[in-house]
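As structure tokens, the structure follows; a few thoughts come after it.
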Amino acid sequence: MKKTLVAVAAMAAVTGAMADGATLYGIIDQTYNKATSSTNGLQISSSTNISAYQMGQSLLGVKGSEDLGGGMKADYLYEFGLQTETTATPTNRQSFVGLSGGFGAFRVGKQYSQAFDNSVAADPLGATGGPGALYIANMVGYDGTEHPLRQDRGIQYDLPSFVAGVKVTLTKVLGNANTANNGPKTGDGSGVAINYTSGPLYAGYTTDSINNTGIASAPQPIKASATSKNKINTATLTYDLGMAKLAYNNTKMSVGVQTLKTDMFGATVPFGAASLVVTSSTGKVDTTGIDYSAKGMQYGVNYALSKRTTAYWHAGNATINQVGSSNQIKQNGYGIGLYHAF
């Protein structure tokens with residue numbers, strides 16, 4: 001009887017939350033994958049694993065809104081990253097609250113950066129899969145933060161739409177640093193994003209500037225500078241032809257004269273319930289001492305078993321060469337898995 005009452009109470013709580021506009025959602029993605037890495041032809045690592053990173057990390061979240069009247073709403077989202085293949089502690093992926101209405105939309109908290117959202121819009125594998133999507137390796141974060149993948153202590157404001165299809169977002173990030181001399185605070189940043197959507201066409205551009213942070217480029221990180229800001233620019237263009245969706249992204253990061261550039265071309269070609277996905281990337285890192293060039297490719301097949309369940313095979317490779325040297329790093333990987341979203 002006691003267990004029944006607890007179950008009824010839990011159901012009532014969930015039903016009440018749903019009635020208030022809350023939506024429970026999640027992803028479970030599990031894949032068998034293998035990855036190898038070699039330096040100058042000598043294999044230095046090889047791993048076989050069960051993980052959740054071929055179509056997106058497993059997650060659980062709740063989101064919703066409350067009608068405040070007068071055309072204004074309170075919006076919220078809380079999302080956890082889950083290691084469903086292990087007993088690891090959940091991690092905070094996103095958590096923000098905001099207001100929306102005729103004035104636009106205002107969000108405060110941990111959020112995906114506009115730079116990442118714009119870049120991943122061009123990636124048919126969604127920033128996951130095997131090695132080969134060069135831009136994502138530089139979006140994972142630096143100096144112990146996730147920036148510019150996600151931004152802690154972020155404020156994002158979507159301006160009201162004055163032109164159909166055009167969206168403008170302003171970003172302010174607080175680094176939470178204590179600077180005694182009132183100088184630039186590490187991690188403080190600001191940015192602007194503008195995108196245009198019209199039918200099959202999407203075009204987006206972002207620019208961000210962050211104080212005293214570096215760039216997590218592999219294999220040669222670019223160190224932070226107290227005098228030069230970390231500047232990030234992304235440009236994306238996609239067009240859905242029906243028989244194929246084509247995409248392009250350019251990402252550039254710089255700290256002073258040190259720069260990192262990547263270009264990615266992507267395509268999705270549907271064949272009934274199956275879709276062929278492919279990307280081709282090039283990159284270049286220019287530092288004050290050691291420079292690198294890189295190229296990568298990803299490819300795979302997604303097969304929709306239903307609207308929410310997909311079986312897939314993804315593979316990828318990347319080659320990184322040190323300019324002016326014979327040093328070369330090669331990475332290869334593939335995964336076979338099952339993805340379910342609810």
Looking at the range 53-60, is at least one residue in a strand (DSSP E or B), of a type outside the set (D, E) and free of Cβ contacts under 8 Å to residues at least 60 places away in the same chain? yes
Of the conditions (1) out of contact with any helix residue (DSSP H, G or I) (no Cβ under 7 Å at 6 or more places or on another chain); (2) at pLDDT 85 or above; (3) assigned to a helix (DSSP H, G or I), G109 clears all except one; give me its number. (3)
Give just the number: which of (1) farther than 21 Å from A115 by Cα; (2) surrounded by fewer than 20 Cβ atoms within 10 Å (Cβ to Cβ) does S280 not satisfy? (1)
A115 fails exactly one of (1) buried (at least 24 other Cβ atoms within 10 Å of the Cβ); (2) out of contact with any Gly (no Cβ under 9 Å at 6 or more places or on another chain); (3) aliphatic (A, V, I, L, M), namely (2)
Only one of N92, N33, N40, N49 that is modelled with pLDDT under 95, at positive phi and surrounded by 10 or more Cβ atoms within 10 Å (Cβ to Cβ): N40
Just wondering, is there one or more residues in the range 12-21 that are modelled with pLDDT of 95 or more and surrounded by fewer than 17 Cβ atoms within 10 Å (Cβ to Cβ)? no
When the residues of the range 72-97 are narrowed to those that are part of a strand (DSSP E or B) and β-branched (V, I, T), which ends up farthest from the chain's Cα centre (by Cα)? V97
If a residue has to be within 17 Å of G129 (Cβ to Cβ) and either at pLDDT below 95 or over 24 Å from the mean Cα position of the chain (by Cα) (or both) to count, how many in the range 285-305 make the cut? 1
The strands (runs of 3 or more DSSP E) lying entirely within the range 159-259 that contain at least 1 residues which are under 30 Å from S37 (Cα atoms) and among the charged types (D, E, K, R) are 245-255
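The values are calculated or read from the model by the stated rules, or taken from the named source; none is laboratory data. Everything quoted here is computed from the prediction, not taken from an experiment. All Cβ positions, glycine included, derive from the backbone under ideal geometry; neighbour counts span all protein chains shown.
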